[in-house]
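Just so you know, all these numbers are worked out from the coordinates, no wet-lab data involved. Since this is a predicted model, take the numbers as computed values, not measurements. In this analysis, Cβ positions are derived from the backbone assuming ideal geometry, glycine residues included, and neighbour counts consider all displayed protein chains.
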Amino acid sequence: MKDEAAMKFELGIGPDSWGVWFPDDPHQPPFEQFLAEAHEAGYRTIELGPYGYLPTDSTQLLPLLETHRLRVSGGFIFGDLHSEDSWDALRDSIDSTCALLNKVNAEFLVLIDAMYTDLYTGAQVYDPELSESQWGSLIQNSHRISAYASEYFGLKTAFHPHAQTPIEFEPQIEKYLRLTDPSMVSLCLDTGHHAYCDGDVVAFMQAHHERIPYLHIKSVNREVMAAVKANRTPFAAAVKDGAFTEPKLGDIDFRRFREVLENVDFHGIGIVEQDMYPAPFDQPLPIARSTRDYMNAIGY
């Protein structure tokens with residue numbers, strides 16, 4: 001094993017671990033609770049979450065971050081990235097998100113393509129297999145957003161494969177990597193979504209580590225996942241059933257994953273997420289604290 005000092009791993013947490021999926025929703029705890037409890041659980045790095053959940057006025061947000069001794073690592077854009085008109089459709093969202101990330105000294109803009117199923121019913125809303133024209137638009141839009149975010153806001157762009165989007169399985173992710181410029185677009189590897197889509201997280205990280213500076217850390221419950229696949233459970237229902245779970249309880253071997261990170265001298269960020277919308281308001285803090293203790297104990 002290499003000297004652990006060679007691996008620089010920054011462990012953070014996102015609002016997703018508090019059941020936050022939307023800018024405003026009565027099933028979600030207020031942002032003040034998230035900030036206070038992220039600090040209380042021992043984290044010093046957070047993600048922005050859906051734009052509008054945390055204050056969008058940097059003069060309000062920066063003092064809150066300072067009070068809770070937190071920094072923002074990045075934020076995401078979630079929308080149709082594979083259509084010809086994606087740039088125009090997403091431009092306002094790109095501008096507002098990037099501007100706020102820049103003002104709070106974040107590093108990463110994360111891109112997530114739109115889901116091809118309805119979040120709650122599971123009904124298909126568009127063909128999950130992209131045409132060659134759609135692939136071309138996805139790559140062009142990824143490059144264009146990346147260049148824009150870098151030039152005007154000083155941000156690095158990372159693409160996030162996500163369950164029930166057209167880039168979810170390993171062959172699709174690898175095609176995306178082949179078609180994109182490594183100097184422009186990296187990958188945000190979500191360990192939970194990768195396992196949800198039958199991927200081998202450890203082997204994939206070993207094979208593609210040069211493109212992966214940013215991680216989302218979560219795991220899956222094997223028994224729940226078997227039922228999800230057998231019943232074709234919609235994504236939101238699968239989350240509610242407990243498809244995702246704490247790293248210490250799930251199917252991913254995070255000790256082996258850490259060994260890969262050490263062997264490749266990983267320098268990057270890992271954001272703990274645990275999809276559990278909706279979550280009882282008293283549930284996130286103990287899980288966040290337990291996850292941090294576990295990840296620290298096994299060398300992260």
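Pick from the stretch 255-293 the residues that are β-branched (Val, Ile, Thr) and in a helix (DSSP H, G or I): which of them is farthest from Gln33 (Cα to Cα)? Steps first, answer last, please.
So in the stretch 255-293, the residues β-branched (Val, Ile, Thr) come out as 260, 264, 269, 271-272, 287, 291.
Remaining after also requiring in a helix (DSSP H, G or I): 260, 287, 291.
Details: Val260: 35, Ile287: 14, Thr291: 18 Å.
Out of the qualifying residues, it is Val260.
Being polar (S, T, N, Q) and under 16 Å from Arg44 (Cα atoms) is the requirement here; does Thr59 meet it?
Details: polar (S, T, N, Q): yes; under 16 Å from Arg44 (Cα atoms): no.
Judged against the criteria, Thr59 is not a match.
Being within 17 Å of the chain's Cα centre (by Cα), outside any helix (DSSP H, G or I) and of a type in the set (Asp, Glu) is the filter here; which residues of the stretch 10-60 pass it?
Glu10, Glu47
Can you find, within the stretch 109-133, the residue that is surrounded by the most Cβ atoms within 10 Å (Cβ to Cβ) among those that are more than 18 Å from Asp92 (Cα to Cα) and in contact with a strand residue (DSSP E or B) (Cβ under 7 Å, 6 or more places away or on another chain)?
Start the filter on the stretch 109-133 by keeping residues that are more than 18 Å from Asp92 (Cα to Cα), which leaves 115-133.
With in contact with a strand residue (DSSP E or B) (Cβ under 7 Å, 6 or more places away or on another chain) added as a condition, the list becomes 116-117, 123-125.
On the way: Tyr116: 16, Thr117: 19, Ala123: 9, Gln124: 12, Val125: 12.
Ranking the qualifying residues of the stretch 109-133, first place goes to Thr117.
Take the residues of the stretch 197-253 that are within 20 Å of Gln124 (Cα to Cα), of a type outside the set (A, V, I, L, M, F, W, C) and touching a Gly at 6+ places or on another chain (Cβ under 9 Å): which is surrounded by the fewest Cβ atoms within 10 Å (Cβ to Cβ)?
Out of the qualifying residues, it is Arg232.
Considering only residues that are in contact with a Ser or Thr (Cβ under 6 Å, 6 or more places away or on another chain) and of a type outside the set (Lys, Arg), which ones fall in the stretch 193-216?
First, the residues of the stretch 193-216 that are in contact with a Ser or Thr (Cβ under 6 Å, 6 or more places away or on another chain): 201, 211, 213.
Matches in the stretch 193-216: Val201, Pro213.
Can you pull out the residues in the stretch 106-128 that are in contact with a Gly (Cβ under 9 Å, 6 or more places away or on another chain) and in a loop (DSSP other than H, G, I, E, B)?
Ala106, Glu107, Ala114
Mind checking whether some residue in the stretch 188-207 is farther than 22 Å from Thr291 by Cα and among the β-branched types (Val, Ile, Thr)?
Checked the stretch 188-207: no residue is farther than 22 Å from Thr291 by Cα and among the β-branched types (Val, Ile, Thr).
Residue-by-condition table, conditions (1) surrounded by 21 or more Cβ atoms within 10 Å (Cβ to Cβ); (2) of a type outside the set (Phe, Trp, Tyr); (3) closer than 22 Å to Leu189 by Cα:
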| residue | (1), (2), (3) |
| --- | --- |
| Arg255 | no, yes, yes |
| Val264 | no, yes, yes |
| Asp275 | yes, yes, yes |
| Arg289 | no, yes, no |
| Met295 | no, yes, yes |
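When you scan the stretch 65-76, do you find a residue that is within 15 Å of Trp21 (Cα to Cα), out of contact with any Phe, Trp or Tyr (no Cβ under 6 Å at 6 or more places or on another chain) and exposed (fewer than 15 other Cβ atoms within 10 Å of the Cβ), even just one? Full working, then the answer.
Applying the first criterion (within 15 Å of Trp21 (Cα to Cα)) to the stretch 65-76 yields 75-76.
Filter again for out of contact with any Phe, Trp or Tyr (no Cβ under 6 Å at 6 or more places or on another chain), leaving 75-76.
With the extra rule that they be exposed (fewer than 15 other Cβ atoms within 10 Å of the Cβ), the set shrinks to none.
Looking through the stretch 65-76, none of the residues is within 15 Å of Trp21 (Cα to Cα), out of contact with any Phe, Trp or Tyr (no Cβ under 6 Å at 6 or more places or on another chain) and exposed (fewer than 15 other Cβ atoms within 10 Å of the Cβ).
Just need a number here: residues in the stretch 208-223 that are in a helix (DSSP H, G or I) and touching a residue at least 12 places away in the same chain (Cβ under 8 Å). Outline the logic, then answer.
Pass one, the stretch 208-223, residues in a helix (DSSP H, G or I): 208-211, 222-223.
Those left that are additionally touching a residue at least 12 places away in the same chain (Cβ under 8 Å): 208-211, 222.
Within the stretch 208-223, residues that are in a helix (DSSP H, G or I) and touching a residue at least 12 places away in the same chain (Cβ under 8 Å) number 5.
Given the structure, is Pro182 over 15 Å from the mean Cα position of the chain (by Cα) and surrounded by 18 or more Cβ atoms within 10 Å (Cβ to Cβ)?
For Pro182, the condition - over 15 Å from the mean Cα position of the chain (by Cα) and surrounded by 18 or more Cβ atoms within 10 Å (Cβ to Cβ) - is not met.
Here are some conditions: (1) out of contact with any helix residue (DSSP H, G or I) (no Cβ under 6 Å at 6 or more places or on another chain); (2) surrounded by fewer than 21 Cβ atoms within 10 Å (Cβ to Cβ); (3) closer than 19 Å to Phe76 by Cβ. Gly136 meets all but one. Which one does it not meet?
Result: Gly136 passes all but (3).
State whether one or more residues within the stretch 189-207 are within 29 Å of Arg144 (Cβ to Cβ) and part of a strand (DSSP E or B).
Yes, the stretch 189-207 contains at least one residue that is within 29 Å of Arg144 (Cβ to Cβ) and part of a strand (DSSP E or B).
Residue check: is Ala158 in a strand (DSSP E or B) and either under 16 Å from the mean Cα position of the chain (by Cα) or free of Cβ contacts under 8 Å to residues at least 24 places away in the same chain (or both)? Before you say what the answer is, go through the steps one by one.
Details: in a strand (DSSP E or B): yes; either under 16 Å from the mean Cα position of the chain (by Cα) or free of Cβ contacts under 8 Å to residues at least 24 places away in the same chain (or both): yes.
Yes: the conditions hold for Ala158.
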